[in-house]
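Trainee: The structure under discussion is supplied below as structure tokens; questions concerning it will follow.
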Amino acid sequence: MGDFDFAIIYNNLPFLLEGMKTTLLLTVAAIFGGIVIGTVLAMIRLANIPVLSWVAAAYVNFFRSLPLILVIFWLYFLVPLILGRPVGAFASVLVAFVLFEAAYYSEIIRAGISSIRSGQAAAARAIGMTYSQTMRFIVLPQAFKAMIPVLLTQAIILFQDTSLVYVVGLKDFLVSAELIANRDQKLIEMFVFVAVVYFTICFAGSMIASRIQRKLPV
């Protein structure tokens with residue numbers, strides 16, 4: 001470690017933090033959007049409306065059968081064509097992540113909803129609550145509480161996957177580090193630093209998920 005140049009990291013921290021800001025912003029926005037759309041998809045699939053259930057299932061199976069990097073490419077070139085004007089890399093990538101993650105969150109949420117005893121939904125309907133009211137006030141609050149560890153694990157995977165945005169030139173944390181590494185010929189220092197940062201964040205998230213999992217009632 002005697003030849004390891006720590007100064008290259010310290011001197012470029014502002015630039016690296018800007019990259020991390022992009023990475024975290026993309027992660028949080030994709031989690032929120034993915035959970036919202038995923039919840040709607042899960043509710044549609046469980047609503048016993050054949051046509052809508054088939055469409056939701058087709059959406060989920062379609063995106064779960066594709067590599068994320070391909071979805072990023074598609075949306076990066078497709079969104080500007082649909083809108084008829086240029087769209088920034090961040091907006092295109094965000095749409096790709098939200099649509100892709102929604103398919104995975106949908107399956108997680110569907111499993112969580114199915115784990116709630118059906119008698120609670122039946123009791124809610126017996127007192128006159130609609131399907132949406134039953135889901136909103138009875139089923140989803142319990143399901144999301146039970147799903148927290150799995151949702152957090154998926155969020156960690158999403159955080160790792162954000163490194164794929166290099167294919168469209170978006171300056172996330174990894175791309176920022178790569179630019180510095182190539183400019184100053186400090187590849188070892190920068191990529192070791194990137195690895196440590198990713199490992200620390202993901203390991204901490206995994207430990208939190210495991211701790212929450214242990215506290216949940218069996």
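Trainee: Looking only at the stretch 166-201, count every residue that is farther than 30 Å from Gln213 by Cβ and either aliphatic (A, V, I, L, M) or not in a helix (DSSP H, G or I) (or both) and tell me the total.
Mentor: Summing the residues that are farther than 30 Å from Gln213 by Cβ and either aliphatic (A, V, I, L, M) or not in a helix (DSSP H, G or I) (or both) in the stretch 166-201 gives 16.
Trainee: Being touching a residue at least 12 places away in the same chain (Cβ under 8 Å) and of a type outside the set (A, V, I, L, M) is the filter here; which residues of the stretch 98-131 pass it?
Mentor: Phe100, Glu101, Tyr104, Tyr105, Ser106, Glu107, Arg110, Gly112, Ser114, Ser115, Gln120, Tyr131
Trainee: List the residue pairs whose Cβ atoms are under 6 Å apart, where the first residue sits in the stretch 138-150 and is at pLDDT 85 or above, the second is among the charged types (D, E, K, R), and the two are 6 or more positions apart or on different chains.
Mentor: Going by the 6 Å Cβ cut-off, there are no qualifying pairs.
Trainee: Those residues that are of a type outside the set (Lys, Arg) and either buried (at least 18 other Cβ atoms within 10 Å of the Cβ) or modelled with pLDDT of 90 or more (or both), I need them from the stretch 169-187; list them, please.
Mentor: Of everything in the stretch 169-187, those that are of a type outside the set (Lys, Arg) and either buried (at least 18 other Cβ atoms within 10 Å of the Cβ) or modelled with pLDDT of 90 or more (or both) turn out to be Leu170, Asp172, Phe173, Leu174, Val175, Ser176, Ala177, Glu178, Leu179, Ile180, Ala181, Asn182.
Trainee: Select from the stretch 193-218 the residues that are touching a residue at least 60 places away in the same chain (Cβ under 8 Å) and more than 18 Å from the chain's Cα centre (by Cα) and write down the one among them that is farthest from Thr162 (Cα to Cα).
Mentor: Looking only at the stretch 193-218, we keep the residues that are touching a residue at least 60 places away in the same chain (Cβ under 8 Å), and these are 193, 197, 209-210, 212-213, 216.
Adding the requirement that they be more than 18 Å from the chain's Cα centre (by Cα) leaves 193, 197, 210, 212-213, 216.
Values: Phe193: 17, Val197: 14, Ser210: 23, Ile212: 25, Gln213: 25, Leu216: 30 Å.
Across the stretch 193-218, the extreme among qualifying residues is Leu216.
Trainee: Looking at the stretch 74-90, can you tell me whether even one residue there is charged (D, E, K, R) and in a helix (DSSP H, G or I)?
Mentor: Within the stretch 74-90, not a single residue is charged (D, E, K, R) and in a helix (DSSP H, G or I).
Trainee: Taking Gly112 as meeting all but one of (1) of a type in the set (Gly, Ala, Ser); (2) modelled with pLDDT of 90 or more; (3) surrounded by 18 or more Cβ atoms within 10 Å (Cβ to Cβ), write down the number of the exception.
Mentor: (2)
Trainee: Collect the residues in the stretch 50-65 that are loosely packed, with under 13 Cβ neighbours inside 10 Å and either out of contact with any helix residue (DSSP H, G or I) (no Cβ under 6 Å at 6 or more places or on another chain) or β-branched (Val, Ile, Thr) (or both), keeping them in residue-number order.
Mentor: Scanning the stretch 50-65 gives Pro50, Val51, Trp54, Ala58, Asn61, Phe62, Ser65.
Trainee: Let me ask you something else. If you go through the stretch 15-36 one residue at a time, do you hit one that is touching a residue at least 40 places away in the same chain (Cβ under 8 Å) and outside any helix (DSSP H, G or I)?
Mentor: Scanning the stretch 15-36 turns up no residue that is touching a residue at least 40 places away in the same chain (Cβ under 8 Å) and outside any helix (DSSP H, G or I).
The values are calculated or read from the model by the stated rules, or taken from the named source; none is laboratory data. Worth saying up front: this structure is predicted, and the values here are computed from it rather than measured. Cβ coordinates were reconstructed from backbone atoms using ideal geometry, including for glycine residues, and neighbour counts include every protein chain displayed.
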